[in-house]
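Since the structure comes first, as C-alpha coordinates, the remarks are kept for the end.
The values are calculated or read from the model by the stated rules, or taken from the named source; none is laboratory data. Model, not experiment: these values are computed from the prediction. Virtual Cβ from ideal backbone geometry, glycine too; neighbours counted across all protein chains shown.
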Amino acid sequence: MISLNANDFTLTLALILAVMGIITFFVGIIILAFKVKSDEFTSITEQSAKLMEKGIVEDVSEMMGNTTSLLETINQMVKTKAGIGVFLVLITFVLFGVAYYLITSL
(Lines give C-alpha, C1' and ligand atoms only; values in the text may rest on other atoms or scores of the structure.)
Protein backbone atom coordinates (compact mmCIF):
# COMPACT_ATOMS: atom_id res chain seq x y z
CA MET A 1 0.00 0.00 0.00
CA ILE A 2 1.25 3.47 -0.82
CA SER A 3 1.45 5.83 2.09
CA LEU A 4 0.86 9.50 1.33
CA ASN A 5 1.19 12.36 3.70
CA ALA A 6 -1.06 15.43 3.42
CA ASN A 7 1.34 17.39 1.17
CA ASP A 8 1.80 14.50 -1.26
CA PHE A 9 -1.95 13.97 -1.42
CA THR A 10 -2.58 17.67 -2.08
CA LEU A 11 0.10 17.75 -4.77
CA THR A 12 -1.34 14.62 -6.42
CA LEU A 13 -4.82 16.12 -6.37
CA ALA A 14 -3.53 19.38 -7.89
CA LEU A 15 -1.73 17.43 -10.62
CA ILE A 16 -4.88 15.46 -11.43
CA LEU A 17 -6.89 18.69 -11.60
CA ALA A 18 -4.30 20.28 -13.89
CA VAL A 19 -4.36 17.27 -16.24
CA MET A 20 -8.16 17.32 -16.26
CA GLY A 21 -7.99 21.03 -17.07
CA ILE A 22 -5.68 20.44 -20.02
CA ILE A 23 -7.93 17.69 -21.38
CA THR A 24 -11.05 19.83 -20.92
CA PHE A 25 -9.36 22.76 -22.65
CA PHE A 26 -8.45 20.71 -25.71
CA VAL A 27 -11.91 19.12 -25.92
CA GLY A 28 -13.52 22.57 -25.73
CA ILE A 29 -11.24 23.98 -28.42
CA ILE A 30 -11.89 20.97 -30.67
CA ILE A 31 -15.64 21.42 -30.26
CA LEU A 32 -15.36 25.12 -31.04
CA ALA A 33 -13.05 24.66 -34.00
CA PHE A 34 -14.37 21.59 -35.74
CA LYS A 35 -17.83 20.64 -34.53
CA VAL A 36 -19.65 23.96 -34.81
CA LYS A 37 -19.56 24.08 -38.60
CA SER A 38 -19.51 20.45 -39.66
CA ASP A 39 -20.18 19.06 -43.13
CA GLU A 40 -23.53 17.59 -42.08
CA PHE A 41 -24.88 21.01 -41.12
CA THR A 42 -23.62 22.51 -44.36
CA SER A 43 -25.25 19.75 -46.41
CA ILE A 44 -28.58 20.02 -44.59
CA THR A 45 -28.56 23.79 -44.93
CA GLU A 46 -27.88 23.61 -48.67
CA GLN A 47 -30.65 21.06 -49.19
CA SER A 48 -33.07 23.17 -47.14
CA ALA A 49 -32.26 26.23 -49.23
CA LYS A 50 -32.99 24.22 -52.40
CA LEU A 51 -36.30 23.06 -50.93
CA MET A 52 -37.20 26.62 -50.01
CA GLU A 53 -36.46 27.81 -53.56
CA LYS A 54 -38.61 25.02 -54.95
CA GLY A 55 -41.39 25.98 -52.55
CA ILE A 56 -41.23 29.59 -53.68
CA VAL A 57 -41.37 28.62 -57.37
CA GLU A 58 -44.20 26.11 -56.92
CA ASP A 59 -46.00 28.21 -54.27
CA VAL A 60 -46.06 25.46 -51.67
CA SER A 61 -46.31 27.38 -48.42
CA GLU A 62 -46.38 24.35 -46.12
CA MET A 63 -43.05 23.09 -47.46
CA MET A 64 -41.55 26.56 -46.99
CA GLY A 65 -42.76 26.67 -43.38
CA ASN A 66 -41.21 23.29 -42.61
CA THR A 67 -37.95 24.31 -44.29
CA THR A 68 -37.83 27.52 -42.27
CA SER A 69 -38.38 25.50 -39.09
CA LEU A 70 -35.55 23.15 -40.09
CA LEU A 71 -33.15 26.05 -40.69
CA GLU A 72 -34.01 27.58 -37.31
CA THR A 73 -33.37 24.23 -35.63
CA ILE A 74 -29.97 23.92 -37.33
CA ASN A 75 -29.02 27.43 -36.18
CA GLN A 76 -30.01 26.52 -32.61
CA MET A 77 -27.89 23.35 -32.78
CA VAL A 78 -24.87 25.37 -33.90
CA LYS A 79 -25.37 27.81 -31.01
CA THR A 80 -25.69 24.91 -28.56
CA LYS A 81 -22.43 23.31 -29.71
CA ALA A 82 -20.64 26.64 -29.47
CA GLY A 83 -22.04 27.09 -25.97
CA ILE A 84 -20.76 23.68 -24.92
CA GLY A 85 -17.28 24.51 -26.23
CA VAL A 86 -17.17 27.83 -24.38
CA PHE A 87 -18.46 26.16 -21.20
CA LEU A 88 -15.69 23.56 -21.34
CA VAL A 89 -13.05 26.26 -21.79
CA LEU A 90 -14.46 28.12 -18.77
CA ILE A 91 -14.40 24.91 -16.70
CA THR A 92 -10.72 24.66 -17.64
CA PHE A 93 -9.98 27.95 -15.92
CA VAL A 94 -11.84 26.80 -12.80
CA LEU A 95 -9.82 23.57 -12.69
CA PHE A 96 -6.56 25.46 -13.18
CA GLY A 97 -7.56 27.93 -10.45
CA VAL A 98 -8.28 25.17 -7.96
CA ALA A 99 -5.02 23.39 -8.85
CA TYR A 100 -3.09 26.64 -8.42
CA TYR A 101 -4.75 27.25 -5.06
CA LEU A 102 -3.86 23.75 -3.86
CA ILE A 103 -0.23 24.13 -4.93
CA THR A 104 0.20 27.56 -3.35
CA SER A 105 -1.37 26.40 -0.09
CA LEU A 106 1.38 23.82 0.47
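Descriptive notes on the structure:
- Filtering the stretch 55-82 to residues that are at pLDDT 80 or above and surrounded by 12 or more Cβ atoms within 10 Å (Cβ to Cβ) leaves Lys81, Ala82.
- Qualifying residue in the stretch 34-45 (condition: hydrophobic (A, V, I, L, M, F, W, C) and at pLDDT 75 or above): yes
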